[in-house]
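The values are calculated or read from the model by the stated rules, or taken from the named source; none is laboratory data. This is a predicted model, so every value here is computed, not measured. Here Cβ is always computed from backbone atoms with ideal geometry, including for glycine, and neighbour counts include all displayed protein chains. The accessibility values were calculated without ligands, DNA or RNA, using every heavy atom of the protein model including side chains. Shrake-Rupley method; radii C 1.70, N 1.55, O 1.52, S 1.80 Å.
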Amino acid sequence: MPSKILIIGACGQIGSELTTKLREIHGTENVIASDINTRKLDLVNSGPFEIIDAKNFNAIKDCCKNHNIDTVYLMAALLSATGEKYPMEAWDLNMNSLFHVLNLAKGGNIKRVYWPSSIAVFGPTTPREDTPQHTICEPTTVYGITKQVGERWCEYYYKKYGVDVRSIRYPGIISHKAMPGGGTTDYAVEIYHEAIKKGTYECFLSEDTSLPMMFMDDAIKATIDLMEAPGENLTIRSSYNLSAISFTPKEIYESIKAQMPDFEITYKPDFRQAIADSWPSSIDDSVARQDWNWQHSFDLDAMTAEMLRALKKKYHTS
Ligand SMILES: NC(=O)c1ccc[n+]([C@@H]2O[C@H](COP(=O)([O-])OP(=O)(O)OC[C@H]3O[C@@H](n4cnc5c(N)ncnc54)[C@H](O)[C@@H]3O)[C@@H](O)[C@H]2O)c1
């Protein structure tokens with residue numbers, strides 16, 4: 001029997017590419033995409049799609065029952081920058097959606113859950129370099145608090161009720177298909193678009209702010225590899241550290257400039273600088289590498305080449 005999958009928040013930056021990949025693997029009819037809106041029409045029209053509010057337990061439950069869903073990927077969330085503007089909405093969405101899915105698994109309605117955490121679980125008291133898997137987590141953003149608490153609940157549901165929940169602490173994810181949804185690392189996507197469209201970019205972080213990042217293809221591969229790994233190999237049921245590359249705005253600028261010599265950047269840090277300053281600059285992901293053989297493929301220059309190639313095509317420039 002092929003796995004029947006529901007993706008909640010499928011129209012987002014990661015959800016949209018995850019949906020495409022899972023449909024390639026499991027068959028389009030076996031992967032139900034859902035979101036609160038239909039903003040990604042190509043995804044809505046390319047296979048089964050349902051409008052589902054992640055805060056509505058019965059809507060998720062009915063969908064799982066109607067489609068015999070065994071695995072749910074919960075990708076809906078309010079991200080770090082938006083969460084600081086709407087703290088109670090971030091708490092409400094990020095926590096209640098997770099409880100709904102965990103409770104469905106606890107009740108035997110579904111077998112497996114994927115829920116992403118983030119480097120936002122860390123805070124200013126966390127060791128900034130090579131941040132270990134097990135370390136101080138005192139997040140200072142509402143988003144980070146929801147992810148940290150969510151991790152604790154995931155581990156609790158695994159230990160107490162045997163729920164097969166799996167999770168990754170994503171770094172900033174960079175992609176050229178969907179735009180990012182209000183995070184602190186969004187600059188590393190916007191910079192490529194503006195380089196192609198205008199030849200200049202005003203960065204909302206300072207030039208020397210180093211943050212952990214990852215190209216989307218690596219993030220999707222990691223997600224699927226973790227979900228396919230034998231459960232007995234997994235030693236972490238809160239959330240795995242995951243790492244690929246770390247760079248500063250100046251370094252990504254130089255990587256682009258090597259291919260587009262006229263590209264220019266200016267820096268105008270805003271409220272997101274304080275969020276970035278509270279996060280690690282690099283992550284130790286040796287546990288993920290050991291438990292399920294995680295390996296990344298894209299370094300900064302390989303990612304830049306792929307981003308510029310795809311966006312030149314998108315904006316019809318040569
Ligand atoms: N993108 C990153 O760099 C990054 C980094 C770390 C962690 N994450 C985590 O990965 C997950 C996906 O992130 P993303 O970047 O794709 O986010 P996104 O903001 O691009 O997408 C989120 C999607 O959820 C949908 N949504 C919002 N409210 C909803 C609701 N009530 N019901 C159903 N759907 C709703 C939105 O319409 C959107 O399509 C989130 O949990 C996020 O915290 C992302």
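Every condition in (1) in contact (Cβ under 8 Å) with a residue 24 or more places away in the chain; (2) within 24 Å of K106 (Cβ to Cβ); (3) near the ligand (Cβ under 10 Å from one of its atoms) is met by W91 except one, and the failing one is (3). For beta carbons closer than 8 Å, sequence separation of 6+ or different chains, a first residue in the stretch 34-56 that is over 21 Å from K21 (Cβ atoms) and a second that is of a type in the set (S, T, Y) and surrounded by fewer than 19 Cβ atoms within 10 Å (Cβ to Cβ), the qualifying pairs are I51/T38. The residues in the stretch 187-200 that are open to solvent by 10 Å² or more (accessible area, probe 1.4 Å) and closer than 15 Å to P261 by Cα can be counted, and the count is 6. The single condition among (1) farther than 24 Å from R169 by Cβ; (2) in contact (Cβ under 8 Å) with a residue 24 or more places away in the chain; (3) surrounded by fewer than 24 Cβ atoms within 10 Å (Cβ to Cβ); (4) not hydroxyl-bearing (S, T, Y) that D62 does not meet is (2). Filtered by the rule that a residue be touching a strand residue (DSSP E or B) at 6+ places or on another chain (Cβ under 6 Å), among the charged types (D, E, K, R) and within 23 Å of G83 (Cα to Cα), the stretch 239-283 gives a lone residue, K268. Of all residues in the stretch 181-197 being of a type in the set (V, I, T) and not in a loop (DSSP other than H, G, I, E, B), which is farthest from the ligand (Cβ to nearest atom)? Here the residue is I196. Kindly establish whether Y156 is near the ligand (Cβ under 10 Å from one of its atoms), open to solvent by 20 Å² or more (accessible area, probe 1.4 Å) and modelled with pLDDT of 95 or more. Answer is no for this residue. Scan the stretch 265-318 for residues that are touching a Cys at 6+ places or on another chain (Cβ under 9 Å) and either in a helix (DSSP H, G or I) or among the hydroxyl-bearing types (S, T, Y) (or both) and jot them down. Once the filter is applied, which keeps residues that are touching a Cys at 6+ places or on another chain (Cβ under 9 Å) and either in a helix (DSSP H, G or I) or among the hydroxyl-bearing types (S, T, Y) (or both), the stretch 265-318 yields T266, Y267. I'd like the full set of residues that are closer than 23 Å to R169 by Cα and either more than 8 Å from the ligand (Cβ to nearest atom) or not small (G, A, S) (or both), limited to the stretch 46-59. K55 - this is the single residue of the stretch 46-59 that is closer than 23 Å to R169 by Cα and either more than 8 Å from the ligand (Cβ to nearest atom) or not small (G, A, S) (or both). Scanning the stretch 201-247 for residues that are surrounded by 17 or more Cβ atoms within 10 Å (Cβ to Cβ), β-branched (V, I, T) and over 19 Å from the mean Cα position of the chain (by Cα) yields a single hit, T209. Exactly one residue out of V113, V121, V31 is within 12 Å of the ligand (Cβ to nearest atom) and either buried (at least 22 other Cβ atoms within 10 Å of the Cβ) or of a type in the set (F, W, Y) (or both), and it is V121. Close contacts from the stretch 252-271, counting a first residue that is open to solvent by less than 50 Å² (accessible area, probe 1.4 Å) and a second that is basic (K, R), with Cβ to Cβ under 7 Å and a gap of 6+ residues or different chains, come to F263/K257.
Residues to consider are T140, T135; find the one that is open to solvent by 10 Å² or more (accessible area, probe 1.4 Å), outside any helix (DSSP H, G or I) and touching a residue at least 24 places away in the same chain (Cβ under 8 Å). It would help to see each step written out before you state the result.
Details: T135 fails: touching a residue at least 24 places away in the same chain (Cβ under 8 Å).
After ruling out the rest, the residue left standing is T140.
Exactly one residue out of K21, K106 is surrounded by fewer than 20 Cβ atoms within 10 Å (Cβ to Cβ) and within 15 Å of the ligand (Cβ to nearest atom): that is K21.
Residue-wise test of (1) aliphatic (A, V, I, L, M); (2) open to solvent by less than 10 Å² (accessible area, probe 1.4 Å).
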site	(1), (2)
N68	no, no
A76	yes, no
M95	yes, yes
H100	no, no
D130	no, no
